[in-house]
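Just below is one structure, and these are the notes that go with it.
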Amino acid sequence: MTQKLSKEFKQIRTSVFRKFKYDARQINVKDFGAGSKKLLPQRKVSSIFRNSSSTGKYAELLFQLSSFKCPKNILELGTSLGIGTMHLHYGCPEAAIYSIEGCPKTLEVAKENFIGDKSKVHFIQSDFHSFFKDLINKKYDLVFIDGHHDGKALISYLDLLRNYIYEETIIILDDIRWSDSMYESWKEIINNPKYHLTIDLFRMGIIALRPGQEKEHFIIKL
Ligand SMILES: C[S@@+](CC[C@H](N)C(=O)[O-])C[C@H]1O[C@@H](n2cnc3c(N)ncnc32)[C@H](O)[C@@H]1O
């Protein structure tokens, strides 16, 4: 069942998008990931918005999954300007969100522009590996991996997540076809007997352990 975006959220989203679209400030971006196919280290906020943010139907999918699952804890690896964070937050405003970003300048802009319940959204500046080192006893119900688009890195983050997820955790992977290595890893994940549910949405992939069900793989065109 799909949940409609509230009028309030639509208005907030429009104003945030408009602000980012025309934000000509240049920031010096520290790249932790596989790099950008289009951007140099000195980047305009508007270019980051155009090239690195979740928008359109995939952003709405984040909203829908958050709303459907109504998770207690959400983990987002890769905040960028916080557009994905915003959709996850408005999908389920009660959820505690932990959004991790390596680049201090980018995170500053995300924090400055975030509109919502700030007591629920924790923006954390860290590289992903260090973040996992400091984690204690937390289980996430919904995880969005959207940074460091390299196949080997993706598999390593899934391994690191092992102790912080459970049977029903939904894990969303962005850009599964961004590069050959990402797509190879996606195929490895589909064939991994540990994941009983895998869904190929072309740009994104969804996975869950769900040991109680037969292994199933779906391909869905959004
Ligand atoms: C595609 S953007 C995230 C977009 C955002 N999730 C959204 O939905 O709008 C990826 C971000 O991940 C960050 N990142 C990539 N690899 C990282 C790493 N190893 N540690 C921390 N941050 C990383 C990058 O700096 C970049 O801002």
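Restricting to segment 45-87, name every residue that is of a type in the set (K, R) and without any contact (Cβ under 8 Å) to a residue 60 or more places away in the chain.
R50
Take the conditions more than 10 Å from the ligand (Cβ to nearest atom), without any contact (Cβ under 8 Å) to a residue 40 or more places away in the chain, over 26 Å from R162 (Cβ atoms) and of a type in the set (A, V, I, L, M, F, W, C) and apply them to F114. Does it pass?
Against the criterion (more than 10 Å from the ligand (Cβ to nearest atom), without any contact (Cβ under 8 Å) to a residue 40 or more places away in the chain, over 26 Å from R162 (Cβ atoms) and of a type in the set (A, V, I, L, M, F, W, C)), F114 qualifies.
So which of G84, G78 is on the phi < 0 side of the Ramachandran plot and within 11 Å of the ligand (Cβ to nearest atom)?
G84
If the Cβ limit is 6 Å and pairs must be 6+ apart or interchain, which residue in segment 117-132 that is within 17 Å of L81 (Cβ to Cβ) and more than 8 Å from the ligand (Cβ to nearest atom) pairs with which residue that is among the basic types (K, R) and modelled with pLDDT of 95 or more?
Between residues of segment 117-132 that are within 17 Å of L81 (Cβ to Cβ) and more than 8 Å from the ligand (Cβ to nearest atom) and residues that are among the basic types (K, R) and modelled with pLDDT of 95 or more, the close pairs are F123/K111.
Before we move on, is L160 within 16 Å of the ligand (Cβ to nearest atom) and either among the aromatic types (F, W, Y) or under 30 Å from K19 (Cα atoms) (or both)?
So L160 fails the test.
Can you name every residue in segment 171-208 that is within 24 Å of K133 (Cβ to Cβ) and crowded, with 19+ Cβ neighbours inside 10 Å?
I171, I172, L173, D174, S185, I189, I207, listed by residue number.
Which number in (1) closer than 19 Å to L107 by Cβ; (2) at pLDDT below 90 marks the one condition that N28 misses?
In the conditions (1) closer than 19 Å to L107 by Cβ; (2) at pLDDT below 90, N28 misses (2) alone.
Could you check how many residues of segment 88-101 are free of Cβ contacts under 8 Å to residues at least 60 places away in the same chain and out of contact with any strand residue (DSSP E or B) (no Cβ under 7 Å at 6 or more places or on another chain)?
3
So, in segment 31-46, exactly how many residues are crowded, with 18+ Cβ neighbours inside 10 Å, modelled with pLDDT of 95 or more and assigned to a strand (DSSP E or B)?
Number satisfying all stated conditions: 0.
Of the residues Q3, Q11, which is surrounded by fewer than 18 Cβ atoms within 10 Å (Cβ to Cβ) and either touching a helix residue (DSSP H, G or I) at 6+ places or on another chain (Cβ under 7 Å) or in a strand (DSSP E or B) (or both)?
Among Q3, Q11, only Q3 is surrounded by fewer than 18 Cβ atoms within 10 Å (Cβ to Cβ) and either touching a helix residue (DSSP H, G or I) at 6+ places or on another chain (Cβ under 7 Å) or in a strand (DSSP E or B) (or both).
The values are calculated or read from the model by the stated rules, or taken from the named source; none is laboratory data. These numbers were taken from a predicted model, which means no experiment stands behind them. Backbone-built Cβ (ideal geometry, glycine too); neighbour counts: all protein chains shown.
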